[in-house]
1. For the range 86-124, which positions are farther than 30 Å from Lys174 by Cα, touching a residue at least 60 places away in the same chain (Cβ under 8 Å) and open to solvent by less than 40 Å² (accessible area, probe 1.4 Å)?
2. Among the residues that make up the range 173-182, is at least one of them acidic (Asp, Glu), open to solvent by less than 100 Å² (accessible area, probe 1.4 Å) and farther than 17 Å from Leu124 by Cβ?
3. Of these, Ile209, Ile194, Ile144, Ile218, which one is open to solvent by less than 50 Å² (accessible area, probe 1.4 Å), closer than 26 Å to Gly29 by Cα and either among the hydroxyl-bearing types (Ser, Thr, Tyr) or without any contact (Cβ under 8 Å) to a residue 60 or more places away in the chain (or both)?
4. Counting only residues that are of a type outside the set (Gly, Ala, Ser) and modelled with pLDDT of 90 or more, how many does the range 204-224 have?
5. Spot the failing condition for Ala201; the list is (1) open to solvent by 20 Å² or more (accessible area, probe 1.4 Å); (2) more than 19 Å from the chain's Cα centre (by Cα); (3) free of Cβ contacts under 8 Å to residues at least 24 places away in the same chain; (4) farther than 15 Å from Ala79 by Cβ, and only one is missed.
6. Only one of these is open to solvent by 40 Å² or more (accessible area, probe 1.4 Å), of a type in the set (Gly, Ala, Ser), over 30 Å from Ser142 (Cβ atoms) and part of a helix (DSSP H, G or I): Ser10, Ser52. Name it.
7. Take the conditions closer than 24 Å to Ala30 by Cβ, among the small types (Gly, Ala, Ser) and assigned to a helix (DSSP H, G or I) and apply them to Gly155. Does it pass?
8. I'd like to check something: does the range 46-55 contain any residue that is under 23 Å from Met80 (Cβ atoms) and either at pLDDT 95 or above or aromatic (Phe, Trp, Tyr) (or both)?
Amino acid sequence: MNYKRIIPDSITSCNLISGSIAVFMAIEGAFVWAFFFILLGAFFDFFDGLSSRLLKAPSPIGVQLDSLADDITFGLAPAMILFSYLRPILGWWAFLALIMAAFSALRLAKFNVDERQHDSFIGLATPANAIFWGGLCCLPVSFIPYDWMAWCMLGLSLVSCYLMNAEIPFFSFKSFSKDKMVVIAFLIGCVILIGMCLTKAILTHRIEIALFSGTMCIVWYVVLNLILACTRKHE
């Protein structure tokens, strides 16, 4: 038995546990805490792969465990957050939000067998989708004064399901050498957006506005990639 594999697999398990806690917090309506545990899961998700490479201990079981953990943390958890967020307004129609968990699982399954996604993504990555919804649902439900806005959010969840599985290239930090200027532009935009949200949060004493910066950064990430995809298509 290769005991080195225990370390990355243990970190992956921490990701799964974080996602499970995020689901519980979503059911309880503690959306800020749910988002915190999604971010914690993302932290573990980054370091399980890094530790596996540093220890030179890749394993087929580790790959499958990673996908299972990711589907809980970045698939089920954001879907449950959206469901719990919209249910007071939409009632049982809010169950449609759980479709996002199924499409997240499909996205992860495709990633495991797609040889094109070693240093970039085809479709929006599930952690990015989870951060978008986690940050958005940190805003109080009072930010939705009209029922039609809740329906728009439900419709937007279907758009995110499409983006996760669409044949649209998305850059990652692994592709920095190839997309250097784009990655730098993305980081500069993130700094500006985070700074704006933090300033607003400090002035209004509302932490949820600071967390909303995560949503804004993912919107910027999607827009930037769509522009890049259109540009390359017409070259």
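The values are calculated or read from the model by the stated rules, or taken from the named source; none is laboratory data. Every value quoted in this text rests on a predicted model; they were computed, and no experiment measured them. Here Cβ is always computed from backbone atoms with ideal geometry, including for glycine, and neighbour counts include all displayed protein chains. Only protein heavy atoms, including side chains, enter the accessible area calculation; ligands, DNA and RNA are left aside. Shrake-Rupley method; radii C 1.70, N 1.55, O 1.52, S 1.80 Å.
1. Leu86, Leu90, Ala94, Ala97
2. no
3. Result of the check over Ile209, Ile194, Ile144, Ile218: Ile144.
4. Count: 12.
5. Of everything listed in (1) open to solvent by 20 Å² or more (accessible area, probe 1.4 Å); (2) more than 19 Å from the chain's Cα centre (by Cα); (3) free of Cβ contacts under 8 Å to residues at least 24 places away in the same chain; (4) farther than 15 Å from Ala79 by Cβ, Ala201 misses just condition (1).
6. From the options Ser10, Ser52, the qualifying one is Ser10.
7. So Gly155 does not fit the description; no.
8. Yes.
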